[in-house]
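The values are calculated or read from the model by the stated rules, or taken from the named source; none is laboratory data. Fair warning: this is a prediction, and the values are worked out from it, not measured in the lab. Cβ sites come from the backbone with ideal geometry, for glycine too, and all protein chains shown count toward neighbours. Just so you know, the surface numbers come from the protein's heavy atoms only, side chains and all, with ligands and any DNA or RNA stripped out. Shrake-Rupley method; radii C 1.70, N 1.55, O 1.52, S 1.80 Å.
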Amino acid sequence: MTAYLSLGVLVLQTTSLVLTMRYSRTLKEDGPRYLASSAVVSAEVLKIFACTLLVFIENNFSVQLLKEEIVNKPVETMKLAIPAVIYTLQNNLLYVALSNLDAATYQVTYQLKILTTALFSVSMLGKRLGFYQWLSLLFLMAGVTLVQWPTESEGDSEQKILSASSQFVGLMAVLMACVSSGFAGVYFEKILKETKQSVWVRNIQLGLFGFVFGFVGMIVYDGQKVRQSGMFQGYNTITCTVVALQALGGLVIAVVIKYADNILKGFATSLSIIVSTLISYFLLEDFNPTGVFFLGAVLVIAATFLYSSERKPASSST
């Protein structure tokens, strides 16, 4: 029950994040646009604060647990450095992708992370996927592709705006994010399921490294802009919402990985794409569903049930 509840929250969080992040990167305002690297750092700080508060509440506001698990166990803490640097890279890449690709191309291509996650799960965790699970992955890819298939009018208008060079940069950013997402997610899952440490403690460790790597990256790539206009230049209500949703996503994903697995997390993300498309149609009125869309939606839903039905007997570790 906890697994599916967390998956539902993840669908809601991912849907909101995609819509607000896309809007924030295309919104035209007076003054400089907010720095993606700054948003990544801010999200890590917020996540650390939230996890620390949860640990305090669980332990009657005692700092003893944090000292024992983080300070007194440096080897265990250092294990989180690898996924932290990869997650930091991935988060920055997604901002790059959404700044250079149209929404349809971005969302379809980013679903390649489901296949990379499956491959890393098999190779790193020793999971064995049954025939129907592999088939469900193919159904999922086909379904999401059909759902997000751009119409001619959308394609023509987007092509007029986006240059070939920016599209290439965006495409490379998405492909790198897919590989990094699959590896970091499975690595983090392996750490969570091999130790008895609290999920929130692990997220504090992950967030500390993420903050350090993110801050260094911000200074290296946007140091001049930070010195000129400050770290929080261009921040507004939408920016703060994006930061909050990104921080929440890290917490929800940790719970999903703990009680479900990364591939099922991928399905939840794919379902959120359908929800995002529906919101675009009913609220934003910038999408007209076709027969291809409905066919893709049926394939995604069928793939979800197909994977889940064989999940218990087929995903045992070797």
Practice problem: Tell me, please, whether a residue that is at pLDDT 80 or above, among the hydroxyl-bearing types (S, T, Y) and either buried (at least 20 other Cβ atoms within 10 Å of the Cβ) or touching an Asp or Glu at 6+ places or on another chain (Cβ under 6 Å) (or both) can be found in region 45-68. | Solution: no
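Name the residue, out of L10, L19, that is of a type outside the set (G, A, S) and surrounded by 23 or more Cβ atoms within 10 Å (Cβ to Cβ). Break it down stepwise before answering.
On the way: L19 fails: surrounded by 23 or more Cβ atoms within 10 Å (Cβ to Cβ).
Being of a type outside the set (G, A, S) and surrounded by 23 or more Cβ atoms within 10 Å (Cβ to Cβ) holds for just one of L10, L19, which is L10.
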Self-check item: Criterion: under 17 Å from the mean Cα position of the chain (by Cα) and acidic (D, E) - qualifying residue of E44, E58, E69
Solution: E44
Exercise. For region 99-168, please list each of the helices (runs of 4 or more DSSP H) lying entirely inside it that holds at least 2 residues being at pLDDT 75 or above and open to solvent by 50 Å² or more (accessible area, probe 1.4 Å).
Key: 112-124, 131-147
Exercise. Return the total of residues in region 236-249 being crowded, with 18+ Cβ neighbours inside 10 Å and of a type in the set (S, T, Y).
Key: 1
Quiz item: Out of curiosity, is I82 in a helix (DSSP H, G or I), surrounded by fewer than 19 Cβ atoms within 10 Å (Cβ to Cβ) and modelled with pLDDT of 80 or more?
Solution: yes
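What do you reckon, is L89 over 20 Å from S272 (Cβ atoms), assigned to a helix (DSSP H, G or I) and open to solvent by 70 Å² or more (accessible area, probe 1.4 Å)? Working first, answer last.
On the way: over 20 Å from S272 (Cβ atoms): yes; assigned to a helix (DSSP H, G or I): yes; open to solvent by 70 Å² or more (accessible area, probe 1.4 Å): yes.
In short, yes.
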